[in-house]
Amino acid sequence: MNLKIIAPALIIIIIAGIVGALNIAKTQIPYTAQECGNVQVPYTDQSCSNIQVPYAGQSCTSKEYTYNAQTPTCIQYDRGIFTPTPAQVTCTVNNLENQGGTFSITYGFIISGAYATQSENVYIYAYSSASRSYSFNGQVQKCVCYATPPTYQDCQAVTQYKTETQCQAVTKYRTETQCKDVTKYRTVSLWQSMFG
């Protein structure tokens, strides 16, 4: 056989065998890729609401003093034989409250259908009395005795409510897409890894 023909053919066969072997053999080549996913990210927010807050208050009403008016003396006019006795009225007002106050006392008579009276503002101490008298030389129809009492504020402690807005910090979550670089591998032949 001619060596000039066999040698090149043998070299070609060897090279083809090597290339074939390199194509068959596999290897792992690393590469960088991105992986993304949704995650729950915490954040701080304010949660506010209206609430009813109790507080101590007062409830007051205006009241008149408790009292009574009396006429311990109510005497008709008496001509008498020698000395006439005038008509006389005594008006007594009793303050039945535990505090003093100024009363307007009206006292006198009804004479011939008309009022013949006078009024006077009198301060009367707690649980005390004041008296005023009036005389008239003549016939009277009726004695007059009455009073206009003062007023006071009757207050009681009560629980009242006011609306307030109260807020507090709370943790909430929002969805975000986050990505990161990861190393992955692909399988290639040795031939591709060496020569691209």
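Assorted remarks:
- Checking the stated criteria, THR102 turns out not to satisfy the condition of being over 12 Å from PRO149 (Cβ atoms) and surrounded by 12 or more Cβ atoms within 10 Å (Cβ to Cβ).
- Within the range 61-81, considering residues that are touching a residue at least 60 places away in the same chain (Cβ under 8 Å) and loosely packed, with under 11 Cβ neighbours inside 10 Å, the one farthest from THR92 (Cα to Cα): THR61
- Some residue of the range 135-143 being touching a residue at least 40 places away in the same chain (Cβ under 8 Å) and either surrounded by fewer than 12 Cβ atoms within 10 Å (Cβ to Cβ) or of a type in the set (Asp, Glu) (or both): yes
- Test: residue in the range 125-133 that is within 30 Å of SER59 (Cβ to Cβ), in a strand (DSSP E or B) and of a type in the set (D, E, K, R): no
- No other residue among THR163, THR187, THR183 is modelled with pLDDT of 85 or more and touching a strand residue (DSSP E or B) at 6+ places or on another chain (Cβ under 6 Å) apart from THR163.
- The range 56-72, subset at pLDDT below 95 and polar (S, T, N, Q), residue nearest to ARG132 (Cα to Cα): SER62
- Out of PHE103, PHE82, one residue alone is modelled with pLDDT of 95 or more and either more than 21 Å from SER131 (Cα to Cα) or not in a loop (DSSP other than H, G, I, E, B) (or both). It is PHE103.
- Check on ALA130, among the aliphatic types (A, V, I, L, M), surrounded by 13 or more Cβ atoms within 10 Å (Cβ to Cβ) and more than 30 Å from CYS155 (Cβ to Cβ): no
The values are calculated or read from the model by the stated rules, or taken from the named source; none is laboratory data. The structure displayed is predicted, hence computed values, not measured ones. Positions of Cβ are backbone-derived with ideal geometry, glycine not excepted, and every protein chain shown enters the neighbour counts.
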